[in-house]
Amino acid sequence: MHTCIHTYIHTYIHTYIHTYIHTYIHTYIHTYIHTYITNTELKKLSTWAKENKVCFNDKKSKVMLMTRRKRKEKKDLEVYLNNKQLRQVKTMKYLGIIIDDKLIFREHITRDRKM
């Protein structure tokens with residue numbers, strides 16, 4: 001009986017740790033890949049802009065990670081435009097609509113009710 005309980009606890013702990021580590025590593029790699037792709041595409045956009053005499057204002061540009069997932073891992077993104085890191089935000093106003101990172105529009109709705 002004692003061995004059975006010990007085996008059960010050991011299996012449970014091993015499975016929990018394995019799942020946690022696998023999820024963490026997968027998420028870290030996934031975030032890294034998306035950040036890398038985003039930065040690569042923004043470099044292409046910056047090159048095109050210079051060639052066509054278009055200027056993007058890195059002081060007004062922001063980055064926001066939008067997801068409905070409840071994640072506990074690091075969500076900080078390092079995205080660059082014109083070799084300057086963009087500020088990461090949880091909400092932003094676009095064409096009069098306040099968009100939030102969970103896509104629930106709570107702040108926009110409460111602002112609209114007050115008006």
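Below, the figures for the structure above:
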| item | result |
| --- | --- |
| Per-region count, segment 43-64, residues more than 21 Å from the chain's Cα centre (by Cα), closer than 19 Å to Met92 by Cβ and not hydrophobic (A, V, I, L, M, F, W, C) | 1 |
| Complete set of residues in segment 47-95 that are of a type in the set (Asp, Glu) and either part of a loop (DSSP other than H, G, I, E, B) or modelled with pLDDT under 85 (or both) | Asp58, Glu73, Asp76, Glu78 |
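The values are calculated or read from the model by the stated rules, or taken from the named source; none is laboratory data. What you see is a predicted model; the values in this text were computed from it and never measured. All Cβ positions, even for glycine, are placed from backbone atoms using ideal geometry, and neighbour counts span all protein chains on display.
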